[in-house]
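The values are calculated or read from the model by the stated rules, or taken from the named source; none is laboratory data. Please read all numbers here as calculations on a predicted model, not as lab measurements. Cβ coordinates were reconstructed from backbone atoms using ideal geometry, including for glycine residues, and neighbour counts include every protein chain displayed. The protein model used for the area step is the full one, side chains on, heavy atoms only, and it has no ligands, DNA or RNA in it. Shrake-Rupley method; radii C 1.70, N 1.55, O 1.52, S 1.80 Å.
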Amino acid sequence: MTRLTGKVALVTGASRGIGAAIARRLAAEGAAVVVNYHRSPEAAEQVVAAITGCGGQAVAVQADVSRLDQATELVKAAQKQFGRLDILVNNAGTTRDNVIMMMKEEDWDIVLATNLKSAWNCAKVASRIMLKQNGGRIINITSVAGIAGNAGQSNYAAAKAGMIGLTKSLAKELGPRGITVNAVAPGFVPTDLTQSLIEQMKETILEHTPLRRLGMPEDVAAVVAFLASDEAGFITGQVIAVDGGMVL
Ligand code: NAP
């Protein structure tokens, strides 16, 4: 498919898991992709190699997107590398789960900064570029936890619910200038982030999932690619759950 030929995409947290699948899918659809990573340079280079090995265009750029200064440099580097920026996927995320009585203040701060502030940081800088280009796509990876809440994840669920508010507000703010802003809410997808949780709760998860399977990173990537394409040009401010029906 060549739905994204000529487009430039930045995917945060694309060295592993869902972000890596999104980077590969956007590249397979023709986009030049900036693969952001934080602490996994080798993994990021593997994603780049997989893309370029298939004839695509990609480059890895290190940045801690929870910090505005580094997020700013990242977005500018993306634009400089490929000459424009059409698609921003705010995917970087982390968890520090615990019941509220045991949760440290640091666990709240890190999870809010990595999942929520990072998206605001990157959108703040990318929207300026997209406004000058008279259009763009911002796609935020939230979670079913942000829709339904989850015991032991008060920090993560608050951050992911915050991303939904951010998505809807930016959709209203940037829509008149041709920029769509949507969120994708995955259910349980086996990655480094969820491995131990899924091992402990697999039966319960499947019981609560009408489609009776876990999600795959590629399930999420397919929806992101659609939202990034011209075909989704009249969709903004939406939260699309990719969860096998879990939050119905
Ligand atoms: P993962 O496998 O743990 O990967 C997380 C990615 O985020 C890594 O590439 C990591 O980069 C990057 N990252 C973490 N902190 C960062 C920072 N400060 N700056 C830049 N990059 C950073 O997680 P995942 O499961 O693929 O999750 C991806 C997104 O989907 C997250 O937003 C997560 O909340 C969301 N989600 C996941 C699930 C699920 O079941 N897996 C469900 C719902 C939502 P390095 O390795 O380079 O440090």
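Here is a yes/no grid of residues against (1) within 11 Å of the ligand (Cβ to nearest atom); (2) of a type in the set (Phe, Trp, Tyr); (3) outside any loop (DSSP other than H, G, I, E, B):
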| residue | (1), (2), (3) |
| --- | --- |
| 44 | yes, no, yes |
| 50 | no, no, yes |
| 58 | no, no, yes |
| 69 | no, no, yes |
| 74 | yes, no, yes |
| 81 | no, no, yes |
| 84 | no, no, no |
| 88 | no, no, yes |
| 94 | yes, no, no |
* Asked: Of the conditions (1) near the ligand (Cβ under 8 Å from one of its atoms); (2) over 17 Å from residue 127 (Cα atoms); (3) open to solvent by less than 70 Å² (accessible area, probe 1.4 Å); (4) assigned to a loop (DSSP other than H, G, I, E, B), residue 39 fails just one. Which one is it?
  -> (3)
* What are the residue pairs meeting all of these: first residue in the range 88-104, first residue within 20 Å of residue 166 (Cβ to Cβ), second residue modelled with pLDDT under 95 and within 16 Å of the ligand (Cβ to nearest atom), Cβ atoms under 9 Å, and 6 or more apart or on different chains? -> 93/193; 94/193; 95/193; 95/194; 95/197
* Structure fact -> With the first residue restricted to the range 221-244 and required to be on the phi < 0 side of the Ramachandran plot, and the second required to be polar (S, T, N, Q) and open to solvent by 50 Å² or more (accessible area, probe 1.4 Å), Cβ contacts under 9 Å at 6 or more apart or on different chains are 227/238
* Asked: Across the range 169-192, which residue is nearest to residue 96 (Cα to Cα) among those that are surrounded by fewer than 17 Cβ atoms within 10 Å (Cβ to Cβ) and not small (Gly, Ala, Ser)?
  -> 192
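Test residue 98 against the criterion of being out of contact with any Ser or Thr (no Cβ under 6 Å at 6 or more places or on another chain) and surrounded by fewer than 17 Cβ atoms within 10 Å (Cβ to Cβ), and give yes or no.
Numbers: out of contact with any Ser or Thr (no Cβ under 6 Å at 6 or more places or on another chain): yes; surrounded by fewer than 17 Cβ atoms within 10 Å (Cβ to Cβ): yes.
Here the answer is yes, as residue 98 does meet what is asked.
I'm trying to understand the selection: among the residues of the range 174-211, which are of a type outside the set (A, V, I, L, M), more than 8 Å from the ligand (Cβ to nearest atom) and farther than 28 Å from residue 231 by Cβ?
Looking only at the range 174-211, we keep the residues that are of a type outside the set (A, V, I, L, M), and these are 175-178, 180, 182, 186-188, 190-192, 194-196, 199-200, 202-204, 207-210.
Adding the requirement that they be more than 8 Å from the ligand (Cβ to nearest atom) leaves 175-178, 180, 182, 195-196, 199-200, 202-204, 207-210.
195, 196, 199, 200, 202, 203, 204, 207, 208, listed by residue number.
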* **Failed item in (1) part of a helix (DSSP H, G or I); (2) in contact with a Gly (Cβ under 7 Å, 6 or more places away or on another chain), with residue 199 passing the rest** => (2)
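Taking the stated definitions as given, is residue 24 open to solvent by 10 Å² or more (accessible area, probe 1.4 Å), more than 11 Å from the ligand (Cβ to nearest atom), farther than 13 Å from residue 139 by Cβ and within 15 Å of the chain's Cα centre (by Cα)?
Details: open to solvent by 10 Å² or more (accessible area, probe 1.4 Å): yes; more than 11 Å from the ligand (Cβ to nearest atom): yes; farther than 13 Å from residue 139 by Cβ: yes; within 15 Å of the chain's Cα centre (by Cα): yes.
So residue 24 fits the description; yes.
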